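All remarks here apply to the structure that follows.
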Amino acid sequence: MSADLTFGPVPQAPGFRFERHASLPSTNSTAMAAARAGQASGLWVLADVQTQGRGRRGRNWVSPVGNLFASLLLVDAGPRERIGELPLVAAVALAEAVDAAVGAFGLARLKWPNDLLVGGAKLSGILLEAEPLADGHLAVVCGFGVNCASHPEPENYPATDLASLGYRVDAATMFRCLSASVARRLDNWREDGFEPARRAWLERALKLGETITVRLPEEDLIGCFRDIDPRGQLVLELEDGTRRIISAGDVFFGARSKG
């Protein structure tokens, strides 16, 4: 673990701790290992570089120096039946953190469940992983990757970074804004439920009321993106007027054939 705190001060929110590493395979994996070893909730794990960063569904997350890689360990964050709300709470917190870091309200829009896009290009990724611990508690790790200084060139979607957009925001500044925003949104979620985050998510929603394709393991569904339900699930209205409630899937904009 690095003792160099030039990256930024320890988050000031009560109950949070901070450790920074020059290099890790994955901040999510390190945070979950800490949970298994008995670490308490509220641990932030950061790395200057990840060598085995990953995104949703096991996809590789390119992790070069200059971007932000941070994971927060939460133990018994809330009722287990509400854990599915956390990806959207995290997305709202990150979008608000980006606003604070760049000084521009509403820069990033949200693609369900928790991708941040600017001008249709992906700015960040969020990966939540949960694991029951040996003592019966539930560990949830929320990992954030933000393209501050550079971005990869993925084959399947466009990407961007804050520097390319004209904002000089280093990883330290981004993390200070993120840690404060996450603390506020978690408190709000615990005290007032999911509805405030749901409303904030919908205010930034991309393609709400428009045609999207949702790719599921067994099929592709094409329909109108109508809403996010009180559990954070996507409400899709199919051509025949029936509605499907989707808890997990990959969203593509417009009608898209599988291939």
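Quick look at the numbers
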| read-out | value |
| --- | --- |
| Gained length - LYS207 relative to HIS21, 0.36 nm times residue gap less alpha-carbon distance | 63.2 nm |
| Solvent-accessible surface (1.4 angstrom probe) belonging to THR213, in square angstrom, nearest 10 | 0 |
| For the range 113-218, with +1 on Lys and Arg beta carbons and -1 on Asp and Glu, the positive-most of VAL141, GLY166, PRO113 along the dipole | GLY166 |
| Residue order for SER179, SER247, SER150 - accessible surface, 1.4 angstrom probe, largest first | SER247, SER150, SER179 |
| Amide proton proximity set for LEU128, modelled H, under 5 Å, gap of 5+ | GLY143 |
| Stokes-Einstein D for the range 73-217, Kirkwood Rh over Cα pairs, 25 °C, 0.890 mPa s (µm²/s) | 153 |
| Of all accessible heavy-atom area on the range 104-202, the percent that carbon and sulfur account for (1.4 Å) | 49 |
| Projected-area mean, the chain, by convex hull of Cα positions, square nanometres | 13.8 |
| Degrees between helix 86-102 axis and first principal axis of the chain (Cα, 0 to 90, nearest 10) | 70 |
| The chain: calculated mean residue ellipticity at 222 nm from DSSP helix runs of at least 4, using -39500 (n - 2.57) | -7500 deg cm²/dmol |
| Protection proxy ranking of 220-228, 139-147 - average other beta-carbon atoms within 10 Å, highest first | 139-147, 220-228 |
| Relative compactness, the range 185-259, computed as alpha-carbon Rg over 2.2 N^0.38 Å | 1.20 |
| For ASP220, distant residues with modelled amide H under 5 Å away | none |
| Förster radius 45 Å - calculated FRET efficiency between THR242 and GLU81, Cβ distance, rounded to 0.05 | 0.95 |
| The range 141-231: GluC sites (Glu not before Pro) in DSSP loop, at most 14 other beta carbons within 10 Å | GLU155, GLU210, GLU218, GLU219 |
| Surface per residue (accessible, 1.4 Å probe) for the chain, Å² | 46 |
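The values are calculated or read from the model by the stated rules, or taken from the named source; none is laboratory data. Here the structure is a predicted model, which means the values were calculated and not measured. So basically every Cβ, Gly included, is an ideal-geometry build from the backbone, and we count neighbours across all protein chains shown. Side chains included, ligands, DNA and RNA excluded: accessible areas come from the protein's heavy atoms. Shrake-Rupley method; radii C 1.70, N 1.55, O 1.52, S 1.80 Å.
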